[in-house]
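Enquirer: Here's a structure for you.
Readers should treat all values here as calculations from the given coordinates under stated rules, not as data from a laboratory. The structure presented is a predicted model; accordingly, all values stated were derived computationally and were not measured. Neighbour counts run over all protein chains shown; Cβ positions are idealised from the backbone, glycine included.
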Amino acid sequence: MQTRFDITTSGPGLYEFTRQVADWATGTGLLTLFVQHTSASLVIQENADPEVQADLQNYFARLVPPTSDPSMAYLTHTYEGPDDMPAHIKAALLLTHLSIPVTGGVLALGRWQGVYLFEHRDRPHLRRVIAHLA
Amino acid sequence: MQTRFDITTSGPGLYEFTRQVADWATGTGLLTLFVQHTSASLVIQENADPEVQADLQNYFARLVPPTSDPSMAYLTHTYEGPDDMPAHIKAALLLTHLSIPVTGGVLALGRWQGVYLFEHRDRPHLRRVIAHLA
Amino acid sequence: MQTRFDITTSGPGLYEFTRQVADWATGTGLLTLFVQHTSASLVIQENADPEVQADLQNYFARLVPPTSDPSMAYLTHTYEGPDDMPAHIKAALLLTHLSIPVTGGVLALGRWQGVYLFEHRDRPHLRRVIAHLA
């Protein structure tokens, strides 16, 4: 059983889509989500306090600054913009895929866990996530 | 086939549970482990020298210092303690789930690979890991 | 359905093996790749511009310098060489396994996504990746 979730982003940050995933998943098996991009990630994070999501975004913005920052002058892949190579680095540090057990249509998420797409580029993007359940 | 491993932690660091997982896994398929928390992680690491696990813990403690550290003053989610938001960041940098092929009841782990829960919080916790094999 | 890919490396960096994986994968299911080492990783990254792979390697070399670097003097697992403990740390930051949906023998990779082994050690190594498709 496969489907695709299309997620519209408008700048860096976390975009929750737990509800769409939970509504789609039925039966019992292993759910895998796979993002078809190298400048956006998937992450499971706390869904209670929006400050957590903002803090995550700010931490990664400092850990991997734009290539316009002097500390990143050694990077060579810069012609797609100052946010491009840092986006690839963040994609390597984070996840391209997530797997979550499903039992009787219920995701095995903990109480505070939500499923997010983490956008790393500045400009708006349409992000495609393939879902596979078996 | 699903089960749950409960792992008791007493402060930051790596807690091995390879044996419990190996004893439970039978048959042939894909084993997935999923931790139901956003302040603890799963990691596969060297099981030979305990120094490796201590060094890992120390590296991540420096990469993501407590919010009491001046370098982390920009973080806003601080009211659950100085170790809380760093725990979420470490959980994003590390893994919520692991998948390991199993053949005839034997995990496809390399000779030096062990399965660990990586606790990021200071106080004792009971951590739940869902195991799914199919 | 399982197989093993043997990948020969000659120093730190990304080694693409998308073609071998795509040629082997048939039918419909979930493909999981699992690297049997704690000093090498798997990563999905941009396959268009080789600069991206070099930049990734350079970023991680700075984020986790060799233990000969004064900033890493706190590490204790140093007797296997200055590149050993940093290799374990990079393996914790990156991935031991990848899962990719497969439909009718086609991997669900996006247009710019390639599958890479990321070698973290200086000396040549033979790296084993287990592939599981079901």
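Enquirer: P(r) of chain B in 5 Å steps, Cα pairs, percent per bin?
Expert: 2, 10, 20, 22, 18, 13, 8, 5, 2, 1, 0
Enquirer: Got a sec to turn the phi values of the range A:22-32 into Karplus ³J(HN,Hα) couplings, 6.51 cos²θ - 1.76 cosθ + 1.60 with θ = phi - 60°, whole Hz, x for Gly and Pro?
Expert: With the stated coefficients, the range A:22-32 comes to 5, 5, 7, 6, 10, x, 10, x, 10, 9, 10 Hz.
Enquirer: Comparing A:H120, A:H77, A:H88, which has the greatest mean-square fluctuation in the GNM of chain A with Cα pairs linked when under 10 Å apart?
Expert: Comparing A:H120, A:H77, A:H88 in the GNM, the peak value goes to A:H77.
Enquirer: Taking a point 7 Å out from Cα toward Cβ as the label site, list the nm distances between A:P65 and the same residue in every other copy, smallest first.
Expert: Label-point distances to the other copies, shortest first: 1.7, 1.7 nm.
Enquirer: Going by amide H atoms built from the backbone, whose H comes under 5 Å of the H on B:R121, apart from near neighbours?
Expert: none
Enquirer: Okay, moving on. I want the local charge near B:Q45. Using Cβ-Cβ distances under 12 Å, sum +1 for each Lys or Arg and -1 for each Asp or Glu among the other residues. Mind showing how you got there, number by number?
Expert: Numbers: positive: C:K90; negative: B:E16, B:E46, B:D49, B:E51, B:D55.
Counting the neighbours of B:Q45, the net charge comes to -4.
Enquirer: Follow-up question, since we're still on this one. Could you put A:R4, A:R128 in order, starting from the residue whose Cβ has the fewest other Cβ atoms within 10 Å?
Expert: With the fewest neighbours first, A:R4, A:R128 line up as A:R4, A:R128.
Enquirer: So if I take the centroid of the Cα atoms in the range C:87-115 and the same for the range B:89-134, what is the distance between those two points in Å?
Expert: With the range C:87-115 and the range B:89-134 each reduced to a Cα centre, they are spaced 18 Å.
Enquirer: May I ask for the equivalent-ellipsoid semi-axes of the range B:11-59, computed as the square root of five times each C-alpha gyration tensor eigenvalue and listed largest first in whole Å?
Expert: 23, 15, 8
Enquirer: Could I ask something else about it? Kindly state, to the nearest 0.05, the FRET efficiency for A:R4 paired with C:R111, given R0 = 22 Å and r defined as their beta-carbon distance. Mind dumping the intermediate values first?
Expert: On the way: r = 15 Å, r/R0 = 0.66.
It comes out at approximately 0.90.
Enquirer: Give me a comma-separated list of calculated 3J(HN,Hα) values for the range C:7-19, in order, Karplus coefficients 6.51, -1.76, 1.60 applied at θ = phi - 60°, integers in Hz, x for any Gly or Pro.
Expert: In residue order, the calculated couplings are 10, 8, 10, 9, x, x, x, 9, 10, 6, 9, 4, 4 Hz.
Enquirer: Could you point to the residue in A:P66, A:N47, A:T103 farthest towards the positive end of chain A's charge dipole, with +1 and -1 charges on the Cβ of Lys/Arg and Asp/Glu respectively?
Expert: The residue sitting farthest along the positive end of the dipole is A:T103.
Enquirer: While we're looking at this one, here's another question. Over the range B:38-97, one equal point on each Cα, no solvent: what is log10 I(q)/I(0) by the Debye formula at q = 0.29 Å⁻¹?
Expert: -1.22
Enquirer: Same structure again: Across peptide A:31-43, how many C-beta atoms of other chains are within 10 Å of each residue C-beta, on average?
Expert: On the way: counts 2, 10, 2, 11, 3, 7, 6, 13, 2, 0, 1, 1, 5.
Partner-chain Cβ atoms within 10 Å, mean over residues of A:31-43: 5.
Enquirer: Continuing with this model, one more query. Under the Karplus relation 6.51 cos²θ - 1.76 cosθ + 1.60, θ = phi - 60°, what is the ordered set of whole-Hz ³J(HN,Hα) values for the range B:118-134, x standing for Gly and Pro?
Expert: Per residue, the Karplus-derived 3J(HN,Hα) values read 10, 7, 10, 9, 6, 7, x, 9, 9, 10, 10, 10, 8, 10, 10, 10, 7 Hz.
Enquirer: Running a GNM on chain B with Cα contacts under 10 Å, which residue among B:G104, B:G11, B:G114 ends up with the highest mean-square fluctuation?
Expert: Its mean-square fluctuation being the largest, the pick is B:G104.
Enquirer: Moving on to the next point. On a 0 to 90 degree scale, rounded to 10, what angle separates helix B:50-63 from the longest Cα axis of chain B?
Expert: It is inclined by approximately 40 degrees.
Enquirer: Let me see the P(r) profile for the protein assembly as shown: every Cα-Cα distance counted, bins of 10 Å, each bin given as a percent of all pairs.
Expert: 5, 24, 36, 28, 7, 0
Enquirer: If the label for B:Y15 sits 7 angstrom from Cα along the Cα-to-Cβ line, what are its distances to the same label in every other copy, in nm to one decimal, shortest first?
Expert: 3.7, 3.7
Enquirer: Going by how many other beta carbons lie within 10 Å of each one, how would you line up A:Y79, A:Y116, B:Y59, C:Y15, fewest first?
Expert: On the way: A:Y79 10, A:Y116 24, B:Y59 21, C:Y15 16.
In order of increasing Cβ crowding within 10 Å: A:Y79, C:Y15, B:Y59, A:Y116.
Enquirer: Find the Cα radius of gyration of the range B:80-134, compare it with 2.2 N^0.38 Å by division, and give the number to two decimals.
Expert: Cα Rg divided by the expected 2.2 N^0.38 Å: 1.45.
Enquirer: Right, here's the next one. What list do you get for B:D55, C:D6 if you sort them by fewest beta carbons within 10 Å?
Expert: Numbers: B:D55 22, C:D6 10.
With the fewest neighbours first, B:D55, C:D6 line up as C:D6, B:D55.
Enquirer: When chain A is treated as a GNM, springs tying every alpha-carbon pair under 10 Å, which of A:T28, A:T18, A:T96 comes out with the largest mean-square fluctuation?
Expert: Taking springs between Cα atoms under 10 Å, the residue moving most is A:T28.
Enquirer: Hey, for B:G105 with labels 7 Å out along Cα-Cβ, what do the inter-copy distances come to in nm, ordered shortest first?
Expert: Those label-point separations list as 3.7, 3.7 nm.
Enquirer: Using helices alone, I'd like the mean residue ellipticity at 222 nm for the protein assembly as shown: each DSSP H run of four-plus residues gives -39500 (n - 2.57), total over residue count, nearest 500. List each step's numbers first, then the result.
Expert: Details: 9 runs with 93 residues, N = 402.
Taking each H run of at least 4 residues, the total per residue is -7000 deg cm²/dmol.
Enquirer: What residues qualify as long-range amide H neighbours of B:H77, i.e. H under 5 Å apart, gap of 5 or more or another chain, H built at 1.01 Å from N?
Expert: none
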